[in-house]
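Asks: My questions all concern the structure below.
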Amino acid sequence: MADLDSESLLAFLPWLEFPGLSMALRSVLVALFVMLCGSATAQTLVRPVQSAPARPAQPHPVVFYVARGAPDACGRGCDTWIAIEGQIDGTAAARFRKFLRPLRNRNLPIYITSPGGNLEQALAMGTFLHEKPAVMRVARTVVKECGFEAQDSDVCLKLKQSGRELTGDLWTRNAICNSACPYFLLGAATREIAPDTSLGVHSAKVITQFLGVVPTPEMRAAATERGQARSDSLLASYFARMGGDTGLLKLVRTVKFEEVHVLTREEIIRFGLDRREQVETPWQFENGARSMAGKVSTQKVEGDTSYRLLQWRLICLSTEQFELDVQRPTAKSVFPAVAISSAAAMPLYLSPIPIKTPGSEFWGTRMTRAAVDKLAGQPQFEFIESSQAEDGRETVKTVLSTEGLSHAVDTLLPTCPPPRSVTVSTRDTAAK
């Protein structure tokens, strides 16, 4: 058989039967069904690809491992999870079963990031997962034992394949579940998709290879048709067993194999992948050009089918002074006001920040270390937005969690500069 790597052929269908073909010819005909990630790894949140850019480096085969993080890293009272990452290859289902066998009584949540891969293996893993009360989320695991090595380096992958329980952090920002991955996700009893992750879909591609003969156009067309019918049958049967919304399959068929459509929050809810109308991430430490604690939330707009995104960041000016900012969609309102409130303190009003971003506006306020600690000590806070309407003052309140804030602040503090010391000159002292 010819080398298939150049075509990224990831999955084989059984030998096909074609009426009218000789036994010898049937023995050299193979239909291959492929679901590839394409360029989805390079796409941003809720932005469909309109054309097919250059193909990225080949992802590594999927790995499975157990990771432990800080207290409440994977939810209140949860610090340990199953991490799944990489391309779903031709032996993934068997390895997944073997991996889960000793963990069957631990009931750990699952976090996945994957560009996709072998469709039949994804369906097999989803079917196996459907037999258990599994919780599955989209997120990347950053393993601390890898040190300065890249997370997909040979050294780091060897650690992840070692069978050891590793330590790490969860990152939802820009984590992906594309191509065949959403079908695997559908097998979980509970599916939670954070607003800063993405689910990408596209139609499958049937590739035929003929060994020892030169096929006619009719033979190629027949092989492609049978392969597509096989894939449609597999997916229809799987969706029926999982209770999936076939509207997703109809959407997938409209997206070319070379393109990727990233599902909007409305589509994620409509197709039953995650039915929550308000979704938020925990507060997470982000180590970048300027370290911060960040949070993202999305919620349904009242009386509308659209969803609005709120992005929060807490930055430190010093170890004793912080700035809390929020980015929200531009509000068409008169005399708007924005505040946060918790049971432990009076409302804290935010001021508009003169940053020009199309469709967005920014609000912020200064906070002392004591105020931040007091906020982190509460389970939740209210985001209060008000404006002047014809019939009086309109107010919208959104309740948001402080989950992860305390740990994020503790991680942020070592990166903060010390407070500025106030020096008093001898002349000033004498004058006093």
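The values are calculated or read from the model by the stated rules, or taken from the named source; none is laboratory data. As the structure is a prediction and not an experimental result, all values here were calculated from the model. In this analysis, Cβ positions are derived from the backbone assuming ideal geometry, glycine residues included, and neighbour counts consider all displayed protein chains. These area figures cover heavy atoms from the full protein model, side chains too; ligands, DNA and RNA do not enter into them. Shrake-Rupley method; radii C 1.70, N 1.55, O 1.52, S 1.80 Å.
Asks: Tally the residues that are in contact (Cβ under 8 Å) with a residue 40 or more places away in the chain, more than 25 Å from ALA70 (Cβ to Cβ) and under 20 Å from the mean Cα position of the chain (by Cα), restricting the search to the stretch 276-305.
Replies: 1
Asks: Answer yes if at least one residue in the stretch 90-106 is buried (at least 23 other Cβ atoms within 10 Å of the Cβ) and either basic (Lys, Arg) or closer than 28 Å to SER237 by Cβ (or both), and no otherwise.
Replies: Yes, because at least one residue in the stretch 90-106 is buried (at least 23 other Cβ atoms within 10 Å of the Cβ) and either basic (Lys, Arg) or closer than 28 Å to SER237 by Cβ (or both).
Results for (1) at pLDDT 95 or above; (2) farther than 26 Å from PRO71 by Cβ; (3) out of contact with any Leu (no Cβ under 7 Å at 6 or more places or on another chain), shown as yes or no for each residue.
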| residue | (1), (2), (3) |
| --- | --- |
| TRP171 | no, no, yes |
| PRO182 | yes, yes, no |
| THR197 | yes, no, yes |
| HIS202 | no, yes, yes |
| PRO215 | no, yes, yes |
| ALA222 | no, yes, yes |
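Asks: Applying the selection to the stretch 141-152, what residues are hydrophobic (A, V, I, L, M, F, W, C) and either within 25 Å of HIS130 (Cα to Cα) or open to solvent by 20 Å² or more (accessible area, probe 1.4 Å) (or both)?
Replies: Answer for the stretch 141-152, where residues must be hydrophobic (A, V, I, L, M, F, W, C) and either within 25 Å of HIS130 (Cα to Cα) or open to solvent by 20 Å² or more (accessible area, probe 1.4 Å) (or both): VAL142, PHE148, ALA150.
Asks: Something else now. Could you give me the residue pairs with C-beta distances under 7 Å whose first residue belongs to the stretch 144-158 and is β-branched (Val, Ile, Thr), whose second residue is in a loop (DSSP other than H, G, I, E, B) wherever it lies, and which are 6+ apart or on separate chains?
Replies: Taking only residues 6 or more apart or on different chains, the pairs are VAL155/GLU149.
Asks: Given the residues SER22, SER39, SER114, SER6, which is the only one that is closer than 21 Å to ILE193 by Cβ and modelled with pLDDT under 90?
Replies: One residue alone meets the criteria, SER39.
Asks: When you check VAL155 against the structure, is it within 19 Å of VAL66 (Cα to Cα), open to solvent by 20 Å² or more (accessible area, probe 1.4 Å) and in contact with a strand residue (DSSP E or B) (Cβ under 7 Å, 6 or more places away or on another chain), yes or no?
Replies: no
Asks: Restricting the first residue to the stretch 393-416 and requiring it to be over 24 Å from ARG290 (Cα atoms), which pairs with a second residue that is open to solvent by 60 Å² or more (accessible area, probe 1.4 Å) and part of a loop (DSSP other than H, G, I, E, B) meet a Cβ separation below 9 Å and a spacing of at least six or different chains?
Replies: Matching pairs, first to second residue: VAL396/GLU302.
Asks: Here's another thing I want to ask about it. Within the stretch 259-268, count every residue that is more than 15 Å from the chain's Cα centre (by Cα) and β-branched (Val, Ile, Thr).
Replies: 1
Asks: Here is a further query. Here are some residues: ARG420, ARG427, ARG369, ARG393. Which one is closer than 15 Å to GLU320 by Cβ, modelled with pLDDT under 95 and among the basic types (Lys, Arg)?
Replies: That would be ARG420, the only listed residue that is closer than 15 Å to GLU320 by Cβ, modelled with pLDDT under 95 and among the basic types (Lys, Arg).
Asks: Moving on. Please state which one of SER203, SER198, SER237, SER231 is over 19 Å from ALA83 (Cβ atoms) and in contact with a strand residue (DSSP E or B) (Cβ under 6 Å, 6 or more places away or on another chain).
Replies: SER231
Asks: Quick one: would you say VAL409 is at pLDDT 95 or above and either in a helix (DSSP H, G or I) or out of contact with any strand residue (DSSP E or B) (no Cβ under 6 Å at 6 or more places or on another chain) (or both)?
Replies: Yes, satisfied.
Asks: Conditions first: (1) among the charged types (D, E, K, R); (2) touching a strand residue (DSSP E or B) at 6+ places or on another chain (Cβ under 7 Å); (3) at pLDDT 90 or above. GLU403 passes all but one, so which condition is the exception?
Replies: (2)
Asks: Can you pull out the residues in the stretch 158-214 that are among the β-branched types (Val, Ile, Thr) and open to solvent by 50 Å² or more (accessible area, probe 1.4 Å)?
Replies: THR167, THR190, VAL213, VAL214
Asks: Moving on to the next point. Could you go through the stretch 372-381 and let me know if any residue there is open to solvent by 70 Å² or more (accessible area, probe 1.4 Å), under 15 Å from GLU323 (Cβ atoms) and not aliphatic (A, V, I, L, M).
Replies: no
Asks: Please determine whether any residue of the stretch 118-137 is of a type in the set (D, E, K, R), open to solvent by 60 Å² or more (accessible area, probe 1.4 Å), touching a Lys or Arg at 6+ places or on another chain (Cβ under 8 Å) and at pLDDT 95 or above.
Replies: Looking through the stretch 118-137, none of the residues is of a type in the set (D, E, K, R), open to solvent by 60 Å² or more (accessible area, probe 1.4 Å), touching a Lys or Arg at 6+ places or on another chain (Cβ under 8 Å) and at pLDDT 95 or above.
Asks: Enumerate the strands (runs of 3 or more DSSP E) found wholly within the stretch 258-363, keeping only those where 2 or more residues are small (Gly, Ala, Ser) and surrounded by 15 or more Cβ atoms within 10 Å (Cβ to Cβ).
Replies: Where strands (runs of 3 or more DSSP E) fall fully within the stretch 258-363 and carry at least 2 residues being small (Gly, Ala, Ser) and surrounded by 15 or more Cβ atoms within 10 Å (Cβ to Cβ), they are 292-300, 334-342.
Asks: Pairs, please: C-beta under 8 Å, at least 6 apart or cross-chain, first residue assigned to a strand (DSSP E or B) and in the stretch 204-219, second open to solvent by 40 Å² or more (accessible area, probe 1.4 Å) and of a type in the set (Val, Ile, Thr)?
Replies: Listed pairs, sorted by first residue: VAL206/THR224; THR208/THR224.
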